[in-house]
1. Working out 0.36 nm times the residue gap between R40 and K65, then minus their Cα-Cα distance, what length gain in nm do you get to one decimal?
2. For the range 75-89, in order, what is each residue's ³J(HN,Hα) by Karplus, 6.51 cos²θ - 1.76 cosθ + 1.60 with θ = phi - 60°, in whole Hz (x at glycine and Pro)?
3. Enumerate lysine pairs in the range 43-123 that are 8 or more residues apart or on different chains, then count those whose Cα atoms are under 12 Å apart.
4. Hey, quick one: spin label on L58, modelled 7 Å out along Cα-Cβ, who in the range 98-123 has an amide N within reach, i.e. under 18 Å?
5. Taking amide hydrogens as modeled 1.01 Å from N in the peptide plane, which residues meet the under 5 Å criterion relative to N13, leaving out close sequence neighbours?
6. State the three equivalent ellipsoid semi-axes of the chain, derived from the C-alpha gyration tensor as the square roots of 5 times its eigenvalues, in descending order and whole Å.
7. For the chain, which span is the longest to avoid every loop-located (per DSSP) member of trypsin sites (Lys or Arg not before Pro) having at most 16 other Cβ atoms inside 10 Å?
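Every read-out reported here was derived from the displayed coordinates using simple, explicitly stated rules and does not represent laboratory data. A quick note: this is a predicted structure, and the numbers were derived from the prediction, not measured. As a convention, Cβ positions derive from the backbone with ideal geometry for all residues, glycine included, and neighbour counts pool all protein chains shown.
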Amino acid sequence: MFNITYNGIITVNRGDSFVLPLQLNAGTTMDPAKYNLTDRSYIYFGVMEPNEPFENALIRKKCTKKDVDNSGCVLIKFKPQDTQCVLPGKYYYQVKLQTFNSDDPEDYDVDTVIDKQQFFILE
């Protein structure tokens with residue numbers, strides 16, 4: 001089972017496979033504009049325990065331009081092994097966008113595109 005509410009709360013069953021479609025907004029909530037990943041940008045999705053930083057995520061996903069569907073949604077794919085060893089409970093997820101400004105691997109920006117939201121894992 002996979003469910004995402006209108007306000008972004010995600011609920012999944014431990015060990016299930018699911019695909020989370022993510023629409024990136026480059027605009028505002030009042031004036032949305034679709035953001036398209038490029039060859040020089042990545043999406044990072046992390047699931048953390050409460051009060052843990054993004055860098056300590058239990059589950060980490062990196063998405064590239066190859067993970068975008070025809071409608072422009074980034075598809076974040078979960079396999080059974082991503083959650084099967086995680087205890088049921090309340091966690092948080094966060095999404096960050098990394099964009100490279102030049103060919104220098106140290107020349108990049110990171111923006112949090114979705115701040116911490118609840119992520120529940122059920123038995």
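1. Gain on extension, R40 to K65, equals 8.1 nm.
2. Once θ is set to phi - 60°, the couplings for the range 75-89 become 9, 9, 9, 10, 10, x, 5, 5, 10, 5, 9, 9, 5, x, x Hz.
3. Numbers: K61/K77; K61/K79; K61/K96; K62/K77; K62/K96; K96/K116.
Lysine pair count for the range 43-123: 6.
4. 116-123
5. L122
6. Values: eigenvalues 124, 53, 41 Å².
One finds semi-axes of 25, 16, 14 Å for the chain.
7. Details: sites that count: R14, R40.
My reading of the result: 41-123 is the longest stretch.
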